[in-house]
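Scroll down for the structure; my scribbles are underneath it.
Every number here is computed from the coordinates shown, using simple stated rules; none is lab data. On a predicted model such as this, the values are computed, not experimentally measured, just so you know. FYI the Cβ positions are ideal-geometry reconstructions off the backbone, even for glycines, and counts take in every protein chain you see.
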Amino acid sequence: MRTEATKKLFTVDEYYKIVEAGVFPERVRTELIDGEIIEMTGMGVAHAMAITRATRLFSRVFGEKAEVRIQLPLPLSRFSEVEPDLCLVNADRHPQPPDVFLVVEISDSSLRYDRDVKLPVYAAAGVPEVWIEDLPNQILHVYREPSGRSYKVVLHLHVVDSVSPDAFPKIMVSVSDLLRPTSN
């Protein structure tokens, strides 16, 4: 007789119960991706500096037009809740995917995870635009127009470029303001 193993996928509600029960140490950061609990990697100096730069810039430029959320939970589906590094939303409640203008992920050592694991979940949830700051390569990857678990439009911008979020076409952001190299 052949036995099939099944994987238990957690809902967002079950995930919160697990976290509230103290299953994970307080300093361990996790996300729920497609029903699986993923332990996030630690944050290095370059990542922290990039979050600080993006927070200052986005708060100054978009602060009157959108809420700037930094590393806060964003439920995407019944089985996924992530913590993007930065998120622009239109909500005065816990945001849902239709409230999201833009998600920014900062990748110092997590490019594959952000691009190959999280990006498809953002697309499936209908998040209209995702930027991934690729710090080691000094590239801003811009993803627009979600379709299924991918994006139709993909741009790879360098420090000499500028970009406007689709939701705010009149606001130009210099890529160099986001990707400015830091000394470790």
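Taking amide H as placed 1.01 Å from N in the peptide plane, the amide H of LEU86 sits under 5 Å from that of GLN71, VAL104, each at least 5 places away or on another chain. Nearest 0.05, what FRET efficiency do ALA48 and LYS17 give at R0 = 25 Å with Cβ-Cβ as r? Calculated value: 0.25. Over the chain, the alpha carbon radius of gyration divided by the compact-protein estimate 2.2 N^0.38 Å works out to 1.06. Summed over qualifying helices (DSSP H, 4 residues or more, each -39500 (n - 2.57)) and divided by its residue number, the chain shows a 222 nm mean residue ellipticity of -6000 deg cm²/dmol. Evaluating 6.51 cos²θ - 1.76 cosθ + 1.60 at θ = phi - 60° for every residue in region 135-144, the Karplus couplings come out as 5, x, 9, 6, 10, 9, 8, 10, 10, 9 Hz, glycine and proline recorded as x.
Most tightly packed first, judged by the mean number of other beta-carbon atoms within 10 Å of their residues, the peptides 18-27, 116-125 read 116-125, 18-27. Over region 1-117, Cα pairs under 8 Å with separation of 6+ residues give a relative contact order of 22 percent. Candidate cross-link partners of LYS8 among the lysines, defined by an alpha-carbon separation under 16 Å and a same-chain spacing of 8 or more, comprise LYS17.
Cβ-Cβ distance of SER164 and GLU36, R₀ of 22 Å, FRET efficiency by 1/(1 + (r/R0)^6): the value works out to about 0.05.
Would you mind putting 5-16, 66-77, 99-110 in packing order, based on average other-beta-carbon counts within 10 Å, highest first?
Values: 5-16: 12.0, 66-77: 18.7, 99-110: 21.9.
Most protected by this proxy first, the peptides run 99-110, 66-77, 5-16.
Stretching the chain fully between LEU155 and LYS65 yields a gain of 30.0 nm (0.36 nm per residue, less the alpha carbon separation). Looking at the chain, the DSSP beta bridges with both ends there are about 85 percent antiparallel.
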